Amino acid sequence: MTKIEKIVLSYSGGLDTSIILKWLQETYGCEVVTFTADLGQGEELEPARAKAEMSGVKDIRIVDLREEFVRDFVFPMLRANALYEGQYLLGSSIARPLIAKHLVGIAREVGADAVAHGATGKGNDQIRFELAVNALDPSIRVIAPWRQWTIRSRMQLLEYAEKHRILVPSDKRGEAPFSIDANLLHTSTEGKILENPAEVAPDHVYQRTVDPIDAPDAPEIITIGFERGDPISVNGKAVTPAALLTELNGLGGRHGVGRLDLVENRFIGMKSRGIYETPGGTILLAAHRGIESITLDRAAAHLKDEIMPRYAELIYNGFWFAPEREMLQALIDHSQAFVSGEVTLRLYKGSASVISRASPCSLYSADLVTFEESAIAFDHHDAEGFIRLNGLRLRSLAARNGR
Ligand code: ARG
């Protein structure tokens, strides 16, 4: 093993990465640069700086990535209506390539030969980080302490923390926290009692949404404006991508929108159970499908729906920077040229329902579809021939099969 000279650590300031920082300094005896990304996790980041300073870190990077996250990662994914296994909006999956991109950028800038992350050996996140680093700069080594050290459980982690006088955070109830990953798109909660999928999740796991039962009795009507597939305004007011998602998170959270209790299949092989809260993302998915419904051609829309599960799986499995994801993205982006207009939704007790949509590029023709008399020439006899020809083979089959 060649000696490592400098490491850039993806550092949250939480328990795991605080221990990892100490462990890297002791194990490699080299300089560790910390990188803390503001992805809208809703946590103070200055404490991370103070903790890194206390651990003797000289080069501390704290970077606000909220706009880049939403503009270059969340919105492109939203154009595809991406859902993993039909339900998961990929809130953690989509943040990893962005963090990896910046880890690599800083490593190059400071001349580090390795990056390190705090993802465990059983999860998806290690794969996502490392595939992204591989794709962006294969000369940079990746250190994954969770796969290297002798610590094997959270219990042992707490013991290590105690031995090295590292502050152990606890939740509001004074208990060891769940495994939580939060950013502007979602909060994901795993571990502890949730590891038994037969147990109902206790109410205190939810962080950013109210229980739909306790949501306001009055519905709230909101309008979202789209341009070329991306949301650009809320209630007529133009806002930046991160501001838009922040606002929708507030609105959705208040109405209990976007809760998901899911057992999913991890790329590494096992099933896992998690609680997701994606209020703004859930609203945006419904709204985007709403604007697509009047602006996309049928075959274009159906082709998008066919490739969507494949595209979502690529993101889930960590292949954001792979050519096949980029090829699908080009197809998806191309489809969005006319996906512009406004969608109105009703938020009410956990649901976000589209109630109207309008677009200057609409393909919808009331004249064509109307049950009333219409000016547009539509020869009903054409429908007769259309059905007769489509039925041709069905009639042949029925005659042979003697139905
Ligand atoms: N299972 C989710 C995924 O693979 C979330 C992973 C991170 N969440 C966490 N609570 N540690 O994308």
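The values are calculated or read from the model by the stated rules, or taken from the named source; none is laboratory data. These numbers come from a predicted model, not from an experiment. All Cβ positions, even for glycine, are placed from backbone atoms using ideal geometry, and neighbour counts span all protein chains on display. When the accessible area is computed, the model is the full protein with side chains, heavy atoms only, and any ligands, DNA or RNA have been set aside. Shrake-Rupley method; radii C 1.70, N 1.55, O 1.52, S 1.80 Å.
Find out how many positive minus negative residues lie around Arg66, taking Lys and Arg as positive, Asp and Glu as negative, among other residues whose Cβ is under 12 Å from that of Arg66. With Lys, Arg at +1 and Asp, Glu at -1, the net is -4. Relative contact order, whole percent, for the stretch 1-114 stands at 31, derived from Cα pairs under 8 Å and 6 or more residues apart. Measuring with a 1.4 angstrom probe and ignoring ligands and nucleic acids, His380 comes out at about 140 Å² accessible. Report, in degrees rounded to the nearest 10, the 0 to 90 angle that the Cα long axis of helix 279-295 makes with the longest principal axis of the chain. Once rounded, the angle reads 30 degrees. Ignoring everything except DSSP H segments at least 4 long, calculate the 222 nm mean residue ellipticity for the chain; use -39,500 (n - 2.57) per segment, divide by total residues, nearest 500. Calculated mean residue ellipticity at 222 nm is -12500 deg cm²/dmol. With R₀ fixed at 30 Å, the C-beta to C-beta distance from Met327 to Arg393 puts the FRET efficiency at about 0.30. Sorted on the mean count of surrounding Cβ atoms within 10 Å across their residues, most packed first, peptides 40-47, 258-265, 6-13, 75-82 read 6-13, 75-82, 258-265, 40-47. When a/c reaches 1.5 or more, the comparison of a/b and b/c decides; with that in mind, is the stretch 318-402 rounded, prolate or oblate per its Cα gyration tensor? The shape class here is oblate. Rounded to the nearest 10 degrees, the inclination of helix 154-163 to the longest alpha-carbon principal axis of the chain is 30 degrees. Taking 0.36 nm per residue of sequence separation and removing the Cα-Cα distance, the Asp379/Thr27 pair yields an extension gain of 118.8 nm. Which part of the stretch 105-130 falls in the paramagnetic zone of Met155, meaning amide N under 11 Å from the point 7 Å along Cα-to-beta-carbon? What the label zone holds, given the 11 Å backbone N cut-off, is no residue at all. Mean separation of Cα pairs under 8 Å and 6 or more residues apart, divided by the residue count, gives the stretch 242-362 a relative contact order of 30 percent. Can you list the lysines whose alpha carbon is less than 30 Å from that of Lys58, not counting same-chain residues fewer than 8 positions off? Of all the lysines, those that pass the test against Lys58 - Cα under 30 Å, at least 8 places apart if same chain - are Lys3, Lys6, Lys22, Lys101, Lys163. What residue among Phe35, Phe178, Phe338 shows peak mean-square fluctuation when the chain is described by a Gaussian network model with Cα springs under 10 Å? Greatest mean-square fluctuation among the candidates belongs to Phe178.
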